[in-house]
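Enquirer: Below is a structure I'd like to ask you about.
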Ligand SMILES: [Mg+2]
């Protein structure tokens, strides 16, 4: 670590100050609380101590191909007690966004079951009739095919809105990355000649606004903890939350001199939040 990198890291007093004035912590998952199937050492204790100190917690993920139940189960399996209601993924966010802005809309999902389930649970309905579709909902869809593309295109010609869950190009997997929602978005934008927007997942502020709504807290009382400057930290900045960057995921100490987005705090690992609760 160079001197600059060392001075960029938050001091114990900084972290204590952050914890004392923050009422809610929103955590990214992979690279922040776990890597793949491995818990980040001390992440369980950090979440437990924050809860014991009366802080609210939530967990965010862009990935729309798992249910919130799946994420809650994984966190519990790794030793972080979490309820379904504390998990916020882009499938939930797109459903909540549409429930607010297009209540009862007829949606055509270019998406897998977890997105469809959230849409139905939020009072939206599903249709594949291009003349009656109000909104085409685009997501990471491993069942994407020409038939779906054609329905989305024809719905667009009839004036349907186009909205998406997340902008990721690829999704990291243990063996090799998978093409993600950006690929479905690109195909639909190519034929419709229209932008798919909004894209509600990270780095959109929409995701954190829904998170704040779910926690019942204001932005200035919350912190977003994550490992990616260009998504987690950018989203925090856009939504007005403190951005706390950890170095247990994609960002390393060597990257600190040239970050795309400046975090408010840099901590080595979420474990440091536990020390601040002592
Ligand atoms: Mg991450």
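Enquirer: Can you tell me which residue among 180, 227, 255 is at pLDDT below 95 and either within 15 Å of the ligand (Cβ to nearest atom) or out of contact with any helix residue (DSSP H, G or I) (no Cβ under 9 Å at 6 or more places or on another chain) (or both)? Before you say what the answer is, go through the steps one by one.
Expert: Values: 180 fails: at pLDDT below 95; 227 fails: at pLDDT below 95.
When all the criteria are applied, what remains is 255.
Enquirer: So how many residues does the range 168-189 have that are closer than 28 Å to residue 34 by Cβ, surrounded by 20 or more Cβ atoms within 10 Å (Cβ to Cβ) and touching a strand residue (DSSP E or B) at 6+ places or on another chain (Cβ under 7 Å)?
Expert: Of the residues in that region, 4 qualify.
Enquirer: Then there's this: Any idea which of 36, 24 is within 27 Å of residue 139 (Cβ to Cβ), within 16 Å of the ligand (Cβ to nearest atom) and under 19 Å from the mean Cα position of the chain (by Cα)? Quick ask: steps written out before the conclusion?
Expert: Numbers: 24 fails: within 16 Å of the ligand (Cβ to nearest atom).
After ruling out the rest, the residue left standing is 36.
Enquirer: In addition: Mind checking which pairs have a first residue in the range 245-257 that is in the same structural domain as residue 15 (by TED's automatic domain parsing) and a second that is near the ligand (Cβ under 9 Å from one of its atoms) and in a helix (DSSP H, G or I), Cβ under 8 Å, 6 or more apart or different chains?
Expert: 245/232
Enquirer: Turning to a different aspect of this structure: Of the residues in the range 231-244, how many are under 25 Å from residue 170 (Cβ atoms) and either within 16 Å of the ligand (Cβ to nearest atom) or outside the structural domain of residue 43 (by TED's automatic domain parsing) (or both)?
Expert: Residues flagged as under 25 Å from residue 170 (Cβ atoms) and either within 16 Å of the ligand (Cβ to nearest atom) or outside the structural domain of residue 43 (by TED's automatic domain parsing) (or both) within the range 231-244 amount to 7.
Enquirer: Given (1) crowded, with 21+ Cβ neighbours inside 10 Å; (2) within 18 Å of residue 207 (Cβ to Cβ); (3) not assigned by TED's automatic domain parsing to the domain that holds residue 222, where does residue 26 come up short, assuming only one miss?
Expert: (3)
The values are calculated or read from the model by the stated rules, or taken from the named source; none is laboratory data. Since we're looking at a predicted model, the values are computed, not measured. With ideal geometry, Cβ positions are generated from the backbone for all residues, glycine too; neighbour counts draw on all protein chains shown.
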